[in-house]
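*Asks:* Mind looking over this structure? Questions follow.
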Amino acid sequence: MKGDYFLKVDDLSKRFGGVIAVDKVSFDLQQGEFLGLIGPNGSGKTTLVNLITGFVKPDSGKVIYRGKDITGRMPYTIANLGIARTFQMVRPFYHMPAYKNLIIPLYSPRVKKLSGGKYGERDHVAIDLLEDVGFERDSFVPYKIAGSLPHGYLKRMELARCMALRPDLIILDELFSGMSMSEVASTMPIIEKLQEEGKTMVVIEHRLRELFRVANRVIVLNFGRKIADGTPAEVMNSEAVKKAYLGTEAE
Amino acid sequence: MAVGYRRERIDRGIKARCDDIFALSSYREVLYLVVPRVLPVLLLLVIPLVVGIYWAKVIVMACIIAILALSWDLMFAAGMISLGQALFFGIGAYIAGSLNHYLGLPPAFTIPIATIGGGILCTLLLSPVLRLRGIYFAMVTLALSLMFVRIIEATRILGGTEGMTALSPFPSLWVEVYLSLIVVLLCLFGFRRLINTDYGLVLRGIGENDRAVMSGGINIYWYKAQTLFIGSAVAAFAGAFTAHYQMVVGMAAFALDYSILPLAAVVVGGSGTFAGAALGALILVPLSEALRAFVGLRIVFYCLAMVIFIVALPEGIFHYLQRRYHQFERLVEVEVRK
């Protein structure tokens with residue numbers, strides 16, 4: 001089986017006190033796939049991401065990435081293997097200029113090994129990356145203190161920080177939440193471009209219309225359990241999904 | 001519509017847009033940057049020559065607290081709040097003291113050994129708790145420093161309650177004054193340089209949001225351990241220096257003063273800039289001496305002064321001075337809607 005899949009999540013469970021946040025979830029991912037991860041609020045999507053990226057240790061189950069068991073490894077170890085994520089709540093370094101926020105992933109062992117780089121060079125790479133996510137190079141926006149930027153910029157800066165790691169697997173946790181329609185419209189092409197470049201992506205999103213346009217596969221979670229897995233069309237027609245989103249009729 | 005006034009702050013001169021890129025075009029602008037750095041250094045180096053022996057000794061004490069405050073500020077930058085500067089200080093003092101007392105090594109050897117050895121020892125001691133954040137880390141550092149005193153008291157090792165006396169002194173007061181001053185300046189400018197490199201940026205990132213740094217592929221515990229080593233080595237130097245300066249090492253080396261005074265210095269001076277830490281120590285320690293005239297009420301006035309500083313300038317003296325230097329204020333007319 002080794003090498004067949006890119007990422008394999010096997011029977012992963014996590015319990016917080018009396019709540020089972022993730023309940024025996026299994027799926028695997030091929031290289032280049034664009035997986036949408038949806039589900040009602042509190043269905044365990046973010047916990048699943050936290051389990052994969054090492055921020056939360058699973059109670060049972062395995063995560064295998066490129067044939068390597070990464071279950072319960074430290075988040076930075078996993079990041080250095082090429083799995084980058086964004087946070088649902090933005091976590092910028094508020095006191096630093098926007099481009100300095102990107103220096104931290106650029107300083108990681110992974111990026112140092114891939115491209116080397118010195119003090120000044122890293123600044124240039126950072127500004128290039130910010131330009132890719134729509135920070136106007138000739139404006140002063142990349143040099144502004146992150147705390148003074150609007151939320152939409154911070155969200156895109158999260159994406160740039162994720163890309164700075166030169167990842168093979170990108171996990172976006174509700175990147176579009178809190179963005180305006182026009183910001184979403186300008187960010188979509190960036191994500192489509194990443195997809196064209198052959199990056200494997202896992203995207204949690206509540207804006208299903210945008211998600212279904214790019215995703216070639218969707219997994220639906222409800223109460224921590226996987227209730228559907230298939231193409232967007234298959235998932236939308238699934239009875240279980242309709243029930244989860246609309247609720248069952250009162251008896 | 002009425003007319004009101006609002007204070008507006010305007011950046012002065014070349015401090016217009018960027019923090020670290022300057023376009024120097026005139027002699028004046030060079031002076032604008034150089035004077036606030038060179039003038040305090042020159043003042044520091046000249047003052048001990050003119051104030052007499054008593055105040056020169058006060059300056060040495062201020063320098064010791066300044067070194068501890070700088071080490072506190074560096075650890076704080078990387079998100080480690082320490083209440084255990086006394087732990088680092090005491091370990092440095094005891095290493096230097098015992099090397100001198102039992103083996104007869106001169107200060108030229110004991111101080112460097114105590115600095116490096118103290119740094120390594122403290123880092124090893126605290127490495128299991130690097131995962132703790134904020135007040136939890138602080139409590140562990142505090143508990144360890146209190147524990148060491150009792151160990152020495154109970155087991156009577158290393159001189160027990162009496163301490164180790166008759167340690168080798170420095171050749172003269174001037175060596176003491178200028179050695180401590182130079183170390184303060186080295187730490188001050190060294191740390192300021194360090195924190196602005198990419199390495200320092202990672203440290204500040206850990207202080208602000210360690211999870212985001214981890215997702216950037218940085219092993220935060222390794223970086224925290226390195227910072228802890230630098231911070232505790234510097235504090236251990238202060239301890240070793242003080243051991244030879246006072247020619248005695250006792251349980252007082254672990255006294256809470258060495259944890260709290262640096263903290264007070266940073267709060268008064270302003271954290272995050274290092275200059276604030278040094279400035280705070282150089283204000284508080286001489287102030288405490290100057291208040292000796294009040295005898296019994298000395299601590300009362302000292303505390304009052306501290307409260308006034310903190311209430312009036314919560315950002316810290318250095319941040320205030322820096323802002324006044326780089327910006328000027330003017331009143332502008334604004335329309336006030338009723």
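*Asks:* Pop the C-beta distance of B:Y54 and A:R166 into the FRET formula with R0 = 41 Å and round what comes out to the nearest 0.05. It would help to have the intermediate numbers written out before the result.
*Replies:* Working: r = 62 Å, r/R0 = 1.50.
Efficiency for this residue pair is about 0.10.
*Asks:* Around B:G239, with a cut-off of 15 angstrom between Cβ atoms, what is the net charge of the other residues, counting Lys and Arg +1 and Asp and Glu -1? Provide the component values of the computation, followed by the final result.
*Replies:* Details: positive: none; negative: B:E176, B:D257.
Within the 15 Å Cβ shell, the charges total -2.
*Asks:* For an R0 of 25 angstrom, estimate the FRET efficiency from the Cβ-Cβ distance between B:L186 and A:H124 and round to the nearest 0.05.
*Replies:* Values: r = 32 Å, r/R0 = 1.27.
The computed FRET efficiency comes out at 0.20.
*Asks:* Apply the Karplus parameterisation 6.51 cos²θ - 1.76 cosθ + 1.60, with θ equal to phi minus 60°, to every residue of the range A:157-171 and state each ³J(HN,Hα) to the nearest whole Hz, in sequence, with x for glycine and proline.
*Replies:* 5, 4, 4, 5, 5, 5, 6, 4, 6, 6, x, 9, 10, 10, 10
*Asks:* Give the separation of the Cα centroids, the range B:57-78 to the range B:153-183, in Å.
*Replies:* 18
*Asks:* For the range B:127-235, which GluC sites (Glu not before Pro) are in a loop by DSSP, counting at most 13 other Cβ atoms within 10 Å?
*Replies:* Answer in residue order: B:E162.
*Asks:* Would you mind checking which residues have amide H under 5 Å from A:L221's amide H? H placed 1.01 Å from N; only 5 or more apart, or other chain.
*Replies:* A:I38, A:G39, A:I227
*Asks:* State which entries of A:K68/A:K193; A:K155/A:K193; A:K57/A:K112; A:K112/B:K224; A:K155/A:K199 exceed 25 angstrom in Cα-Cα distance in the structure shown.
*Replies:* Values: A:K68/A:K193 28 Å; A:K155/A:K193 17 Å; A:K57/A:K112 28 Å; A:K112/B:K224 20 Å; A:K155/A:K199 20 Å.
Where the Cα-Cα span goes over 25 Å, the pairs concerned are A:K68/A:K193; A:K57/A:K112.
*Asks:* Let me ask you something else. Cα gyration tensor of the range A:101-194, axes a ≥ b ≥ c as square roots of the eigenvalues: rounded (a/c below 1.5), prolate (a/b > b/c) or oblate? Please report the intermediate quantities before stating the final value.
*Replies:* On the way: a/c = 2.03, a/b = 1.36, b/c = 1.49.
Cα axes put the range A:101-194 in the oblate bin.
*Asks:* Suppose each label sits 7 Å from its Cα in the direction of the beta carbon; what would the B:R28-B:T155 distance come out to in nanometres?
*Replies:* Spacing of the two 7 Å Cα→Cβ label points: 6.6 nm.
*Asks:* In nm, to one decimal, how far is the A:D229 label point from the A:I145 one, both placed 7 Å along Cα→Cβ?
*Replies:* Each label point lies 7 Å from its Cα, and together they span 4.8 nm.
*Asks:* Now for a separate question. Per 0.36 nm of contour for each residue apart, how much would the distance between B:N196 and B:R7 grow if the chain were fully extended, relative to their Cα-Cα spacing?
*Replies:* Values: separation 189, 0.36 × 189 = 68.04 nm, distance 3.15 nm.
Fully extending the segment from B:N196 to B:R7 adds 64.9 nm.
*Asks:* Quick one: compute the contact order of chain A, relative version, from alpha carbon pairs under 8 angstrom and 6+ residues apart, as a percent. Before the final figure, lay out the partial values.
*Replies:* Numbers: 463 pairs, mean separation 65.6, N = 251.
Relative contact order for chain A comes out at 26 percent.
*Asks:* Relative to the longest principal Cα axis of chain B, at what angle does helix B:275-290 sit, 0 to 90 degrees, rounded to 10?
*Replies:* 70
*Asks:* Under a point spin-label approximation (7 Å from Cα along Cα-to-Cβ), what is the B:V300-B:W174 distance to one decimal in nm?
*Replies:* Roughly 4.3 nm, to one decimal.
*Asks:* For a Förster distance of 56 Å, can you work out the FRET efficiency between the beta-carbons of B:R37 and A:M236, rounded to the nearest 0.05? Mind showing how you got there, number by number?
*Replies:* Values: r = 65 Å, r/R0 = 1.17.
The computed FRET efficiency comes out at 0.30.
*Asks:* On C-alpha positions alone, give me the angle between the axis of helix B:298-312 and the longest principal axis of chain B, in degrees, nearest 10.
*Replies:* Around 30 degrees separate the two axes.
*Asks:* Turning to a different aspect of this structure: Order by neighbour count: B:Y27, B:Y5, fewest other Cβ atoms within 10 Å first, most last. All intermediate terms of the calculation are to be shown ahead of the outcome.
*Replies:* Numbers: B:Y27 8, B:Y5 11.
Exposure proxy ranking, most exposed first: B:Y27, B:Y5.
*Asks:* Taking the Cβ of A:T47 as the centre, find all other residues whose Cβ is under 12 Å away and add up their charges (Lys, Arg: +1; Asp, Glu: -1).
*Replies:* Details: positive: A:K14, A:R15, A:K45, A:K57; negative: A:D23, A:D59, A:D173.
Once positives and negatives cancel, what remains is +1.
*Asks:* Ordered by residue, what ³J(HN,Hα) values in Hz, to whole numbers, does the range B:164-176 give under the Karplus form 6.51 cos²θ - 1.76 cosθ + 1.60, where θ = phi - 60° and Gly and Pro are x?
*Replies:* Coupling constants for the range B:164-176: 9, 10, 6, 6, 5, x, 6, x, 7, 4, 5, 4, 4 Hz.
*Asks:* Around A:R85, which amide H atoms from residues at least 5 apart in sequence, or from another chain, sit under 5 Å from its own amide H, with H modelled in the peptide plane?
*Replies:* Counting only residues 5 or more places away or on other chains, the set is A:I171.
*Asks:* Put +1 on the Cβ of every Lys and Arg and -1 on every Asp and Glu Cβ in the protein assembly as shown; which of A:G178, A:G32, B:I65 then has its Cα farthest towards the positive end of the dipole?
*Replies:* Sorting the options by dipole projection puts first B:I65.
*Asks:* Of B:S26, B:I151, B:A212, which is farthest on the positive side of the dipole of the protein assembly as shown, counting Cα position, with +1 on Lys and Arg Cβ, -1 on Asp and Glu Cβ, and the Cα centre as origin?
*Replies:* It is B:I151.
*Asks:* Multiplying the sequence separation of A:T77 and A:N216 by 0.36 nm and subtracting their Cα-Cα distance, what value in nm do you get? Could you put the intermediate results ahead of the total?
*Replies:* Numbers: separation 139, 0.36 × 139 = 50.04 nm, distance 2.87 nm.
Full-extension gain reported as 47.2 nm.
*Asks:* Could you state the angle between the C-alpha long axis of helix B:257-269 and the longest principal axis of the C-alpha atoms of chain B, as a value from 0 to 90 degrees rounded to the nearest 10?
*Replies:* The angle comes out near 10 degrees.
A short reminder: the numbers here are calculations on the coordinates, not readings from a lab. Please read all numbers here as calculations on a predicted model, not as lab measurements. Ideal geometry is used to build each Cβ from the backbone, glycine not excepted, and the neighbour counts take in all protein chains shown.
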